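These notes are about the structure you will find just below.
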Amino acid sequence: MSGYVALSYWDLVLASAFLILNGAASLLLKLKLERQLFISAVRMVVQLLLVGLVLKAVFAVSSGWLTLGVAAIMGAFAAREIRARQERPIAGPAGYGLGAGAMILSGGIITLVALGSMIGADPWWRPQYALPLFGMILGNTMTGVSLGLDTLTTAVHRERLAIEAQLFLGATRWEAVRPFTQRALRSGFMPIINSMAATGVVSLPGMMTGQILSGVDPTQAVQYQLLIMFLIGGATGLGVMIAVLGGVWWLTDERHRLRLDRLQ
């Protein structure tokens, strides 16, 4: 098969019928989830329609500065999500800057390397390549960073007496917080590890499925998917390490004291 199968609005309405069935089941079983399902579905439709229009305009203009601006907006929304997902976030601008900085730094570097070498887009900032790739890397890195920081800040606050006891006995700040640092790193790494372990056997990723449906040879689709997963895994791991280690550094000081006053 060559080309892709065009979808009609009727196809989308038919697909949404299964979600409507979930809402009906929620009503029947008194789960009180039907309102959330409806709002989430409407929000998704509106957001995707708007994104489609914006991307169409960005692709038509094909400007490096415009591509950078869209990427910055994506990073700003992701930074907000990182902070919103934490039970006890870091207070002040550092609460946004630490997670956002780790995510954008790791995601941006790996995206630039991929665009300039492996994918070889010409020009390298071509929005048709840069924005989807950056979006996939950013979304997964966001999840890892938010989980890592949430685990760290929650554990440090909960185990503050044990940490302060270690510091009192002469441990450095890195030694006193090491078990919780390791736990936070494992938590941040776990989603991408699970995703890589299940890819191909349990699930066919969206990008690979979309390429196959559009007529791309499955072996070529597999190569692209492997490339994307390697990039996502690298960016997520780097972002989690920067965020968690940066969090430990911020929540302690050079005098080896625990600084819980920096938590919200």
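I'd like to verify a number: residues in the stretch 1-30 that are part of a loop (DSSP other than H, G, I, E, B) and either charged (D, E, K, R) or more than 29 Å from the chain's Cα centre (by Cα) (or both), how many? Break it down stepwise before answering.
Within the stretch 1-30, the first condition is being part of a loop (DSSP other than H, G, I, E, B), and the residues that meet it are 1-8, 30.
Filter again for either charged (D, E, K, R) or more than 29 Å from the chain's Cα centre (by Cα) (or both), leaving 1-3, 5-6, 8, 30.
Adding up the residues that qualify gives 7.
Taken over the stretch 147-176, the criterion of being modelled with pLDDT of 90 or more, of a type in the set (Gly, Ala, Ser) and buried (at least 23 other Cβ atoms within 10 Å of the Cβ) is satisfied by Gly148 alone. The listed residues are Gln47, Gln86, and the only one of them that is over 30 Å from Arg259 (Cα atoms) and within 23 Å of the chain's Cα centre (by Cα) turns out to be Gln47. Can you find even one residue in the stretch 64-78 that is under 30 Å from Arg259 (Cα atoms) and touching a helix residue (DSSP H, G or I) at 6+ places or on another chain (Cβ under 6 Å)? Looking for residues that are under 30 Å from Arg259 (Cα atoms) and touching a helix residue (DSSP H, G or I) at 6+ places or on another chain (Cβ under 6 Å), one finds at least one in the stretch 64-78, hence yes. Beta carbons closer than 9 Å, at least 6 apart along the sequence or on distinct chains, pair a first residue in the stretch 23-39 that is under 19 Å from Val13 (Cα atoms) with a second that is of a type in the set (Val, Ile, Thr) and assigned to a helix (DSSP H, G or I) for Leu37/Ile20.
Of all the numbered requirements in (1) under 30 Å from Leu55 (Cβ atoms); (2) under 18 Å from the mean Cα position of the chain (by Cα), Pro127 misses one, and that requirement is (2).
Pairing each residue of the stretch 53-68 that is aromatic (Phe, Trp, Tyr) with any residue that is surrounded by 13 or more Cβ atoms within 10 Å (Cβ to Cβ), provided the two are 6+ apart or on different chains, yields C-beta distances under 8 Å for Phe59/Pro127; Phe59/Gln128.
For the stretch 5-16, filtered to residues that are surrounded by fewer than 10 Cβ atoms within 10 Å (Cβ to Cβ) and of a type in the set (Gly, Ala, Ser), the residue that is modelled with the lowest pLDDT is Ala6.
Picking from Leu33, Leu53, which residue would you name as being surrounded by 13 or more Cβ atoms within 10 Å (Cβ to Cβ), over 30 Å from Ile242 (Cα atoms) and outside the structural domain of Asn140 (by TED's automatic domain parsing)?
Only one candidate passes the filter, namely Leu33.
If the condition is being more than 11 Å from Ser62 (Cα to Cα) and in a loop (DSSP other than H, G, I, E, B), then the stretch 116-136 contributes Ile119, Gly120, Ala121, Asp122, Trp124.
Is it the case that Leu112 is in a helix (DSSP H, G or I), surrounded by fewer than 16 Cβ atoms within 10 Å (Cβ to Cβ) and more than 11 Å from the chain's Cα centre (by Cα)? Even if it seems obvious, please write down each step before you answer.
Values: in a helix (DSSP H, G or I): yes; surrounded by fewer than 16 Cβ atoms within 10 Å (Cβ to Cβ): yes; more than 11 Å from the chain's Cα centre (by Cα): yes.
Answer is yes for this residue.
The values are calculated or read from the model by the stated rules, or taken from the named source; none is laboratory data. If you're wondering where the values come from, they're calculated on a predicted model, not measured in any experiment. As a convention, Cβ positions derive from the backbone with ideal geometry for all residues, glycine included, and neighbour counts pool all protein chains shown.
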